[in-house]
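*Asks:* Okay, handing you the structure first.
The values are calculated or read from the model by the stated rules, or taken from the named source; none is laboratory data. Keep in mind that this is a model prediction, so the values were computed, not measured. For neighbour counting, all protein chains shown are included, and Cβ atoms are generated from backbone atoms with ideal geometry for every residue, glycine included.
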Amino acid sequence: MNVQETEQQLGIGFCKRQPLVAERGEGALVWDAAGKKYLDFTSGWGVTCLGHAHPVMRNALSEQAAKLWQNPNSGFAYSPVRAQLLEELQNWLPAPAMRTFFVNSGAEANDAAIKLARKITGRCGIVSTSGGFHGRTFNTLTVSVNQSSAEGFLPLLPHNQFVRFGDPGELEAALGADTAALIVEPIQGEGGVQIPAADYLAQARALCKANGTLLIIDEIQTGFCRTGKPFAMQHENALIEPDFLTMAKGIAGGFPFAALAVSADVAKQINVGDHGGTYCGNPLGCAVALAVLRYLRAHNVAASVAEKGKWLGAALTELQQEFPQLIVQVRGRGLIWALQLADDDMVQRLTVASMASGLLVTPTRNGIVRILPSLLMSDDELELGVALLRKAFSRASVAVPSDNNTLDCGANELQIN
Ligand SMILES: Cc1ncc(COP(=O)(O)O)c(C=O)c1O
């Protein structure tokens with residue numbers, strides 16, 4: 001059996017796969033099992049912020065692997081590498097008095113935040129935003145808008161209310177005496193890179209405070225320089241201090257790791273046993289996260305992402321002008337962009353055509369293709385990516401709709417230097 005057949009017969013596929021066997025990656029590139037290379041505009045769903053197999057991550061992981069693998073932050077022992085990571089995080093968090101607990105995934109961070117908010121406030125209600133995505137556990141599925149993921153699992157948890165993203169009036173009306181928390185992304189990622197007005201979070205902060213409601217800001221996709229600032233909420237003019245800040249993806253550049261930071265006030269109300277997990281804050285993840293965050297800060301990656309983002313936005317807008325019948329809208333900031341296409345069929349055609357050209361993009365629901373390059377992608381690589389995208393749009397505009405994954409991506413045309 002080849003790899004594809006083995007996965008099809010013995011694995012469980014929760015996603016429609018493309019005809020690609022990804023074997024290794026280095027920097028901005030990924031190679032398939034046959035040795036063909038692709039430029040990666042996905043970062044594995046916005047995760048590999050330093051690119052694939054970056055030496056600082058490899059070194060951090062192997063050095064820690066030779067020392068100690070397991071010592072959870074819900075366990076009884078302190079950890080030197082975790083202490084260093086907590087200190088490094090002080091350079092990042094919006095309020096220095098925030099306390100952090102490390103977890104294993106974005107959904108777990110949000111799930112814990114929702115759970116803790118209910119306990120601390122003694123209230124049950126959670127408000128979330130249409131188009132938002134916060135994970136696939138029961139708590140987080142309930143506050144996410146993805147009807148197809150929820151199908152078959154209904155009813156979800158009670159006491160949740162959706163409000164329009166970016167609409168403070170609707171939020172104000174929804175907040176009630178039983179609202180424990182608002183959970184919101186500063187820029188909706190899975191929702192298609194939706195950017196609210198610049199003062200939306202500040203207004204949400206004020207409304208929550210007035211109502212005794214805790215504010216959970218989900219920076220899982222947008223955090224750690226992805227949008228050209230350390231956190232996306234820092235694009236607002238006012239300093240936003242959330243009660244909970246959830247982080248994952250870029251925090252450890254590809255090692256499964258996540259974090260939940262809470263305000264000093266919230267921290268005081270958390271008790272032993274309120275949350276925990278066997279692998280939470282494990283030393284391997286701490287070591288990799290420490291290396292990633294130090295690198296991002298030492299190289300001022302936020303500033304270079306902001307610059308690259310300006311170029312990429314202009315290049316994608318030009319592309320839209322070339323293919324107005326295919327690209328309905330271009331949205332983004334820093335190195336997170338969405339191309340709004342006509343429908344999901346067009347997304348599939350574009351995804352397959354991109355692969356044929358030697359480029360990996362992220363197909364998303366609702367006619368959206370997301371572009372999430374490594375934050376270290378060079379100008380030449382970004383330029384090449386846009387050129388490959390152009391080629392893919394030309395291909396997709398004439399290609400027969402494809403829903404059977406049969407396109408042969410063998411002869412891709414990627415050329416770097
Ligand atoms: C904003 C946001 N929150 C939460 C999640 C869930 O994170 P994870 O897949 O690590 O559980 C995601 C994943 O895409 C996300 O984009």
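*Asks:* Give the residue, chosen from A173, A252, A198, A177, that is under 27 Å from I371 (Cβ atoms) and away from the ligand (no atom under 16 Å from the Cβ).
*Replies:* A198 is the lone residue from the list that is under 27 Å from I371 (Cβ atoms) and away from the ligand (no atom under 16 Å from the Cβ).
*Asks:* Within the range 95-117, how many residues are among the β-branched types (V, I, T) and within 13 Å of the ligand (Cβ to nearest atom)?
*Replies:* 2
*Asks:* Considering only the range 31-67, state which residues are among the aliphatic types (A, V, I, L, M) and either more than 16 Å from the ligand (Cβ to nearest atom) or touching a Leu at 6+ places or on another chain (Cβ under 8 Å) (or both).
*Replies:* A33, A34, L39, L50, A53, V56, M57, A60, L61, A65, A66
*Asks:* Another question about this same structure. Being away from the ligand (no atom under 15 Å from the Cβ), under 19 Å from A258 (Cβ atoms), touching a helix residue (DSSP H, G or I) at 6+ places or on another chain (Cβ under 7 Å) and of a type outside the set (A, V, I, L, M, F, W, C) narrows it down to one residue among P168, P230; which is it?
*Replies:* Residue meeting the stated conditions: P230.
*Asks:* Condition first: assigned to a loop (DSSP other than H, G, I, E, B) and in contact (Cβ under 8 Å) with a residue 24 or more places away in the chain. Can you find one or more residues in the range 112-121 that meet it?
*Replies:* No, the conditions are met nowhere in the range 112-121.
*Asks:* Grab the strands (runs of 3 or more DSSP E) fully contained in the range 177-255, keeping just those with 2 or more residues being under 17 Å from F165 (Cα atoms) and in contact (Cβ under 8 Å) with a residue 24 or more places away in the chain.
*Replies:* Ranges flagged: 179-184, 214-218.
*Asks:* A follow-up question, please. Taking the conditions exactly as written (modelled with pLDDT of 95 or more and in a helix (DSSP H, G or I)), does Q320 satisfy them or not?
*Replies:* yes
*Asks:* Under 9 Å by Cβ, and 6 or more places apart or on different chains, what pairs join a residue from the range 154-172 that is on the phi > 0 side of the Ramachandran plot with one that is assigned to a loop (DSSP other than H, G, I, E, B)?
*Replies:* H159/R123; H159/C124; H159/D178; G166/I195; G166/P196; G166/A197
*Asks:* Shifting gears a bit: What do you reckon, is V184 surrounded by 19 or more Cβ atoms within 10 Å (Cβ to Cβ) and over 20 Å from the mean Cα position of the chain (by Cα)?
*Replies:* Taking the combined requirement at face value, the residue does not satisfy it.
*Asks:* Only one residue in V330, V347 is in contact with a helix residue (DSSP H, G or I) (Cβ under 7 Å, 6 or more places away or on another chain), closer than 18 Å to L388 by Cβ, free of Cβ contacts under 8 Å to residues at least 24 places away in the same chain and surrounded by 17 or more Cβ atoms within 10 Å (Cβ to Cβ). Which one?
*Replies:* Values: V347 fails: in contact with a helix residue (DSSP H, G or I) (Cβ under 7 Å, 6 or more places away or on another chain).
Every option except V330 fails the conditions.
*Asks:* Mind checking which residues of the range 122-158 are more than 15 Å from the ligand (Cβ to nearest atom) and part of a strand (DSSP E or B)?
*Replies:* Within the range 122-158, G125, V127 meet the criteria.
*Asks:* On the given criteria, is G273 assigned to a loop (DSSP other than H, G, I, E, B), more than 19 Å from N110 (Cβ to Cβ) and either not charged (D, E, K, R) or not assigned by TED's automatic domain parsing to the domain that holds N91 (or both)?
*Replies:* Details: assigned to a loop (DSSP other than H, G, I, E, B): yes; more than 19 Å from N110 (Cβ to Cβ): yes; either not charged (D, E, K, R) or not assigned by TED's automatic domain parsing to the domain that holds N91 (or both): yes.
Judged against the criteria, G273 is a match.
*Asks:* Which residue, of L245, L296, L316, is among the hydrophobic types (A, V, I, L, M, F, W, C), surrounded by fewer than 21 Cβ atoms within 10 Å (Cβ to Cβ) and touching a Phe, Trp or Tyr at 6+ places or on another chain (Cβ under 8 Å)?
*Replies:* None of the others qualify; the one that does is L316.
*Asks:* Go through L339, L260 for me and flag whichever is within 23 Å of A107 (Cα to Cα), hydrophobic (A, V, I, L, M, F, W, C) and assigned to a strand (DSSP E or B).
*Replies:* Exactly one residue qualifies, and that residue is L260.
*Asks:* Here's a follow-up. Mind checking which helices (runs of 4 or more DSSP H) fall wholly inside the range 24-108 and carry at least 3 residues that are in contact (Cβ under 8 Å) with a residue 60 or more places away in the chain and assigned by TED's automatic domain parsing to the domain that holds G285? I'd like the intermediate steps shown before the answer.
*Replies:* Details: elements: 43-46, 55-65, 80-89.
Here the list reads 55-65, 80-89.
*Asks:* Would a scan of the range 275-289 turn up a residue that is touching a Lys or Arg at 6+ places or on another chain (Cβ under 9 Å) and of a type in the set (F, W, Y)?
*Replies:* no
*Asks:* Sort through A95, A66 and tell me the only one that's more than 23 Å from the chain's Cα centre (by Cα) and more than 22 Å from M377 (Cβ to Cβ).
*Replies:* It is A66.
*Asks:* Follow-up question, since we're still on this one. Looking at G176, G254, which one is surrounded by fewer than 24 Cβ atoms within 10 Å (Cβ to Cβ), modelled with pLDDT of 95 or more and at positive phi?
*Replies:* Unique residue meeting the criteria: G254.
This table checks each residue for (1) modelled with pLDDT of 95 or more; (2) among the hydrophobic types (A, V, I, L, M, F, W, C).
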position	(1), (2)
F41	yes, yes
H54	yes, no
E87	yes, no
F138	no, yes
